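Each reported figure results from applying straightforward, stated rules to the coordinates on display, with no laboratory input. For clarity, every value in this text was computed on a predicted model and none was experimentally measured. Heads up, the Cβs are rebuilt from the backbone with ideal geometry, glycines too, and the neighbour counts pull from every protein chain shown.
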Amino acid sequence: MRSASVVEEGDENEPWWVPRDEDSNVITVEESVAEAVHALESETQLALDLGYRRLGAAGLARFSKQLNLNKSLTRIDLSCNLLQDSGAVIFFGAIAKLTAVQKVNLAGNMIGPPGAKALAECLMVNKTLEKLSLFHNEIGNAGAVAVAEALTVNRTLHSLNLRENKITNQGVSALVKSVEKDVNPTLMVLWLRNNVAHPAPHEGLVEPVPESLRGKLSLLSQEEGLFYNKISAELLNELKKHLIEKNRPAAEAEGSGKGRKEPKKAKSSAEADRSFWTPPSTPEPPEVDEAAKDATKKAKKR
């Protein structure tokens with residue numbers, strides 16, 4: 001399967017980016033659909049990697065039947081494909097009852113509340129999906145509430161990326177209730193960073209992760225995954241409390257040596273696909289030296 005790269009186009013009639021293969025040849029929607037059909041009809045293909053292909057809902061619809069019948073794929077990447085809500089409805093309807101798929105990446109697809117509601121319906125019945133990225137979409141509070149409701153039923157999803165989705169207190173309040181240990185014991189990782197157009201750190205209002213769990217929970221995004229939001233510190237602390245409680249047994253077991261595995265020379269599967277699920281980190285704003293700033297202003301006035 002060809003991997004696509006994104007390059008800028010000089011022609012004003014072309015969009016600012018087009019998918020190209022390793023030889024810089026433009027990958028058409030027709031070629032992408034053919035790739036998808038070939039992969040989906042194979043009984044041995046484990047991954048469908050069609051990120052940045054400009055498929056749109058229409059392109060996706062052309063292989064949705066094959067997707068619905070597939071029994072081998074475990075990983076699907078359709079990130080940045082202009083799917084929007086109509087495409088999300090087609091996709092989640094097609095994978096709802098699949099028996100093999102474990103990881104799905106739909107980052108950057110302009111998916112809003114209707115698409116999130118289709119996801120919620122999928123989570124209500126799907127029994128295999130473990131990791132899902134909706135990074136950089138637009139599900140908003142309505143979408144978050146729908147997903148939260150589905151999490152009270154779902155028992156397989158353990159990592160959910162909702163970073164940059166325009167979610168505020170209303171949506172997070174619903175998510176807080178849905179991740180309580182007694183309500184949903186399986187969701188362990190939840191990304192909520194950058195759910196506001198202009199990031200504003202909480203500056204210490206959010207309680208820090210306990211030192212004994214910091215290494216484990218930092219890897220699980222409990223620390224960096226919650227900052228840069230206009231979400232109340234009270235809600236963030238409540239969310240953290242539930243996630244820490246669920247992750248604590250695993251962290252303590254790892255710290256005591258129980259279940260610890262010997263390091264491998266080659267990359268583990270978790271490390272190999274970390275970039276697939278983890279969005280790029282946002283650098284913290286630099287500290288401003290006010291004294292130096294004032295001195296520079298005075299020097300300019302002279």
Checking the condition in a loop (DSSP other than H, G, I, E, B) and buried (at least 22 other Cβ atoms within 10 Å of the Cβ), which residue from N194, N165 passes? N165
Taking the condition in contact with a Cys (Cβ under 9 Å, 6 or more places away or on another chain), in a helix (DSSP H, G or I) and within 21 Å of V179 (Cβ to Cβ), does A120 pass? no
Answer yes or no: is there a residue in the range 52-67 that is at positive phi and among the aromatic types (F, W, Y). yes
